[in-house]
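Have a look at the structure below before the remarks.
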Amino acid sequence: MSDLLTIKDRASESRSLECWPVARTTNSRLSDVDFNHIPFGHVFSDHMLAADYENGAWREVQIVPFGPIPMSPSNLTLHYGQSIFEGIKAYKNDQGEVSIFRPDKNFERFLQSATRMAMPAVPREIFLDGMMQLVGLDRDWVPTTEGSSLYIRPVMFAMDDTIGVKPGKKYKFLIMTSPVGPYYNKPLKLYVEDYYVRACEGGVGAAKTAGNYAASLYPTEEVIRKGFDQILWTDAREHKYLQECGTMNLFVVIDGVVLTAGLEEGTILNGVTRDCVIQILRSQGIPVEERPVSIDEVLKAHKNGTLDEVFGSGTAANIIYIKELHYHNQSLVLTPHEKWKVAPQLLKELNDLHAGRAENARDWMWKV
């Protein structure tokens, strides 16, 4: 942890860390972007950081123009899915200063994902210092409209050109960035899934690996066709306990107490925004319980009028209101979010922090 703090302190003192060689683009696409209309994940900044792992060491770390990378049809990842990633955001305040939101927590989770997927650790100076340098180089790509940000996507995958079920020996690590608007722009209707499974105990639910998302695509398309926005996953054993919701962790407020699934079973992602929500609420004296939350408990609370709020949290989504849950032909319609107390205050506090309107008291914003 002390090394992380050293990097953080050094990053805070400088507007741009010059750690790695840079090959600047000769054809910037910045002028082609309409920053008032940015579809999520479709526009990418001018540069990316790239590094290769081979013979037990990372090498050829550099920042280069964003673009395709060569890959063999026999690439190990294409066949066996050895791939992990993270999602991080940078924001620009009214003074034009750029800050990244809690990249140290994403770095820690990235290392945990790498361990679970039998992949090498990426050094701090590549992941964190390299990210600071990359965002500093492409700082003009950070949008300023309300609800927008620069999405940062570190990703690592095997690069061996062999077919065989075993961990790779060669890896590619990339960091790319993308200006984005809001991931969701309205309160969501969720379908409580009781057949398909996102994760089970002993699986890879706590790792941010590509296969978790691939497994969710078909069931999600099915519920969208039924008129819902996302899936609320339940446990694999009984389909009784609420877990994650699409790209978010889930929070339920019952009679003033905030409930969310715990991490001990290793079936849900240890969300960075989830951690922020819990810290903020507890600092305000609002009770938070990390424990199994059953759908029966939610149904009972809705029936007796104590189901106050349901909301999701995540890097891409931030804080998202849930307006309806659908379970076994029952629709649980929530009170309009304009009457809520917990989620709107969380959303305001996080937005104010991102935009520089609130004091960075917890050192969550890393200035570039």
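The values are calculated or read from the model by the stated rules, or taken from the named source; none is laboratory data. None of these values were measured; they are calculated from a predicted model. Every residue, glycine as well, gets a Cβ built from its backbone with ideal geometry; the counts of neighbours run over all protein chains shown. Ligands, DNA and RNA are stripped out before the accessible areas are found, and what is left, the full protein with its side chains, is counted by its heavy atoms. Shrake-Rupley method; radii C 1.70, N 1.55, O 1.52, S 1.80 Å.
Using DSSP to call loops (not H, G, I, E or B), can you name the chymotrypsin sites (Phe, Trp or Tyr not before Pro) in segment 103-206 whose Cβ has at most 11 other Cβ atoms within 10 angstrom?
Listed in order of number, the matching sites are TYR195.
What number, in nm² with one decimal, is the all-direction average of the projected area of the convex hull of the alpha-carbon atoms of the chain?
Details: hull surface 75.8 nm².
Computed as one quarter of the Cα hull surface, the answer is 19.0 nm².
Relative to the present Cα-Cα distance, how much length would full extension add between SER72 and GLU108 at 0.36 nm per residue of separation? Could the numbers behind the result be given before it?
On the way: separation 36, 0.36 × 36 = 12.96 nm, distance 3.05 nm.
Residue separation times 0.36 nm, minus the Cα-Cα distance, leaves 9.9 nm.
Take every Cα pair under 8 Å in segment 225-368 that's 6+ residues apart, average their separations, divide by the length, and report that relative contact order as a whole percent. Show your work: numbers first, answer last.
On the way: 202 pairs, mean separation 28.9, N = 144.
So the answer I get is 20 percent.
Over 20 Å between C-alpha atoms is what I'm after, so list which of LYS226/LYS323; LYS240/LYS339; LYS105/LYS323; LYS89/LYS367 land there.
Beyond 20 Å: LYS240/LYS339; LYS105/LYS323.
How high is the relative contact order of the chain, in percent, with contacts defined as C-alpha pairs under 8 Å that are six or more residues apart?
Taking the mean separation of contacting Cα pairs over the length of the chain, I get 19 percent.
Can you tell me which of GLN62, GLN279, GLN230 moves the most in a GNM of the chain? Springs connect C-alpha atoms under 10 Å apart.
Among GLN62, GLN279, GLN230, the largest GNM mean-square fluctuation belongs to GLN279.
How high is the FRET efficiency between HIS79 and GLU201 when r is their beta carbon distance and R₀ equals 30 Å, given to the nearest 0.05?
Numbers: r = 27 Å, r/R0 = 0.89.
Calculated transfer efficiency: 0.65.
Using a Gaussian network model of the chain whose springs link C-alpha atoms within less than 10 Å, name the residue from GLN82, GLN345, GLN95 with the highest mean-square fluctuation.
Per the Cα network of the chain with a 10 Å cutoff, GLN95 tops the list.
Stretch ASN93-ARG225 to full length: gain in nm at 0.36 nm per residue minus the Cα-Cα span?
That pair, ASN93 and ARG225, stretches by 43.6 nm at full extension.
Taking the alpha-carbon centroid of each part, what is the distance from segment 22-46 to segment 132-209 in angstrom?
Each part reduced to its Cα centre gives a spacing of 19 Å.
For segment 241-362, what is the per residue volume of the convex hull drawn over the alpha-carbon atoms, in cubic angstrom?
107
Take the Cβ-Cβ distance between GLU264 and ASN27 as r, set R0 to 51 Å, and report the resulting FRET efficiency rounded to the nearest 0.05.
That pair, GLU264 with ASN27, gives E of 0.55.
What lysines could a cross-link reach from LYS172, if we take a straight Cα to Cα line under 21 Å and drop same-chain neighbours fewer than 8 places away?
Qualifying lysines at Cα under 21 Å: LYS208.
Could you check how much of the accessible area of the chain is carbon and sulfur, as a whole percent, using a 1.4 Å probe?
The C+S portion of the solvent-accessible surface of the chain is 50 percent.
What whole-number value in Å² describes the accessible area per residue of the chain for a 1.4 Å probe?
46
For segment 330-368 and segment 54-92, compute the distance between their C-alpha centroids and round to whole Å.
33
Compute the signed sum of charges (Lys and Arg +1, Asp and Glu -1) over the other residues within less than 15 Å, Cβ to Cβ, of LYS170.
-1
Full-extension gain between ASN36 and ALA118, please, as 0.36 nm times their residue separation minus the C-alpha to C-alpha distance.
Taking 0.36 nm per residue and subtracting the Cα distance, the gain is 25.4 nm.
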